[in-house]
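All remarks here apply to the structure that follows.
The values are calculated or read from the model by the stated rules, or taken from the named source; none is laboratory data. Here the structure is a predicted model, which is why all the values come from computation and not from measurement. Please note: Cβ atoms are built from the backbone with ideal geometry, for glycine as well, and neighbour counts cover all protein chains shown.
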Amino acid sequence: MKKIGILGCGWLGERLASYLLEMDYHVICTNSTSSKQKEIRSKGIPPLFLRFSTKKSMDFSNEFTKVKKEFETCDTVIISIPISKKDDKANTIQFENIIHFLSNNTHQQLFFFNSTRIYPSTNMLIDESFENKMLLDSPFYKTEIQLQKAFPSINILRLGGLFGDDRVFMKYFSNKVLQDGQTPVNHIHYRDICSIIHKMTHENHNQMIFNLVAPLHPSKEDVIKNQSNQYDYEKPSKIAYNKIPYKIISSQKLIQELNYSFIFPNPETF
């Protein structure tokens, strides 16, 4: 039985842990909020309390020794900790602490969940070969480089907007003005993320960079119109059609190289 450790048991990490348990993996995860540990444990997920400092270097030989050693026995480790876009220095310190924590994990399969926010809005199709580093969103790009230098074989997964379960796109615009109804979306259902992790773990992929985005990109207006037939949320008070810079993120590399078929290819049905 493979053992998988998840650093960060937030909205996605919790669902990923539950999915992997269903697939008969041995799963452990860290959580930075002690009040949430009971809830996580009730789902059969053993949480380990660990908060990575954003202000100073951490000494893992003391307080978190047991947690560090527990993760060193994992076959796969997934970093599911969000990047701070507001504080570049804090972000750098936090991920240096993560690198230090995983310093003895170089033999393992590693994943990092980044965001498609790394890409600029160029009003065009963008894939992983986009190389204009001056345009790549600084904190997201810097963190990838930081982790790649420490762990050259790490898999980097750039996630689109996360949806599924209680995350329904139209909910966030109930009784609000949607300014850019014609803008295409770059969404991903969490079940596809779980399925892709399972596939990459099972097939032992390393040193890959993939965009995790549903292959279809309907407009925001079309997503809301279709979801209004599925959910009881209030519709936007108004839909405007202001021209706002956009991007369309391609997932063709993932589809082709992993021979992957999306469970939820169309965000209109999330």
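Computed values, structure above
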quantity: Sole residue being buried (at least 16 other Cβ atoms within 10 Å of the Cβ) and among the small types (Gly, Ala, Ser), chosen from 138, 129, 115; calculated: 115
quantity: Residues of segment 170-228 satisfying the condition of being part of a strand (DSSP E or B) and of a type in the set (Phe, Trp, Tyr); calculated: 210
quantity: Residue ID - farthest from the chain's Cα centre (by Cα), chosen from residues in segment 82-104 that are surrounded by fewer than 20 Cβ atoms within 10 Å (Cβ to Cβ) and assigned to a loop (DSSP other than H, G, I, E, B); calculated: 104
quantity: Which numbered condition residue 28 fails, given (1) within 24 Å of residue 167 (Cβ to Cβ); (2) under 21 Å from the mean Cα position of the chain (by Cα); (3) not in a loop (DSSP other than H, G, I, E, B); (4) not polar (S, T, N, Q); calculated: (1)
quantity: Subset of segment 149-173 (residues that are within 25 Å of residue 238 (Cα to Cα), more than 12 Å from the chain's Cα centre (by Cα) and small (Gly, Ala, Ser)); calculated: 164
quantity: Candidates 69, 2, 56, filtered to the one that is basic (Lys, Arg) and modelled with pLDDT under 90; calculated: 56
quantity: Residue 236 vs. criteria under 17 Å from residue 267 (Cβ atoms), touching a residue at least 60 places away in the same chain (Cβ under 8 Å) and either more than 19 Å from the chain's Cα centre (by Cα) or surrounded by fewer than 17 Cβ atoms within 10 Å (Cβ to Cβ) (or both); calculated: yes
quantity: Any hit, segment 151-170, residues being over 24 Å from residue 268 (Cα atoms), touching a residue at least 60 places away in the same chain (Cβ under 8 Å) and surrounded by 18 or more Cβ atoms within 10 Å (Cβ to Cβ); calculated: no
quantity: Output for segment 7-47, where each listed residue is without any contact (Cβ under 8 Å) to a residue 24 or more places away in the chain and either under 19 Å from residue 202 (Cβ atoms) or surrounded by 18 or more Cβ atoms within 10 Å (Cβ to Cβ) (or both); calculated: 22, 24, 31
quantity: Within segment 229-250, considering residues that are touching a helix residue (DSSP H, G or I) at 6+ places or on another chain (Cβ under 7 Å) and not in a loop (DSSP other than H, G, I, E, B), the one farthest from residue 121 (Cα to Cα); calculated: 239
